[in-house]
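Single-structure report; data block below.
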Amino acid sequence: MKFPDHVTVLHKLSHMPKPDDTAFSLEVMILSELHQRPSARCIEDIVMYDYTKGQKERIPSWMMDACARVWEEQEAERKRAEELRNKIAGLVDALELGTWRGGAEEDMGGK
């Protein structure tokens, strides 16, 4: 990547944090708008820390609620994408079977 370019940064919860956790992780993908492809993948570790006490803190309840909503949305979208992928794979299989000539052999590039 180089200037001029714009990026899109996408985050996803790696796992649903537990109420006693003091940290959680996000998977990150940085996309180049110019090249229309991923430029980087990262992992962000978010740690709850109280600098006045000098110690880690549990994830606040309001943040746990937000994580739960995001996790539900992520899971719903994952299921939707998986169903769509399965539907497309079925259509491709049907197309291949419907156009396959009897006795034809696939050329795998070998002898």
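Listed values, structure above:
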| read-out | value |
| --- | --- |
| Residues that are exposed (fewer than 10 other Cβ atoms within 10 Å of the Cβ) and polar (S, T, N, Q), drawn from segment 56-84 | SER61 |
| Residues located in segment 1-49, provided they are under 26 Å from CYS67 (Cα atoms) and out of contact with any strand residue (DSSP E or B) (no Cβ under 8 Å at 6 or more places or on another chain) | MET16, LYS18, PRO19, ASP20, ASP21 |
| Selection within segment 1-31 - surrounded by fewer than 14 Cβ atoms within 10 Å (Cβ to Cβ) and touching a residue at least 40 places away in the same chain (Cβ under 8 Å) | PRO19 |
| Neighbours by Cβ (under 9 Å, 6+ apart or cross-chain): first from segment 73-84, closer than 16 Å to LYS12 by Cα; second surrounded by 10 or more Cβ atoms within 10 Å (Cβ to Cβ) and at pLDDT 95 or above | GLN74/LYS12; GLN74/LEU13 |
| Where LEU34 falls short, out of the listed (1) of a type outside the set (Ser, Thr, Tyr); (2) in contact with an Asp or Glu (Cβ under 9 Å, 6 or more places away or on another chain); (3) modelled with pLDDT of 95 or more; (4) surrounded by 12 or more Cβ atoms within 10 Å (Cβ to Cβ) | (3) |
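The values are calculated or read from the model by the stated rules, or taken from the named source; none is laboratory data. Since this is a predicted model, take the numbers as computed values, not measurements. Using ideal geometry, Cβ is built from the backbone for each residue, glycine included, and neighbour counts are taken over all protein chains shown.
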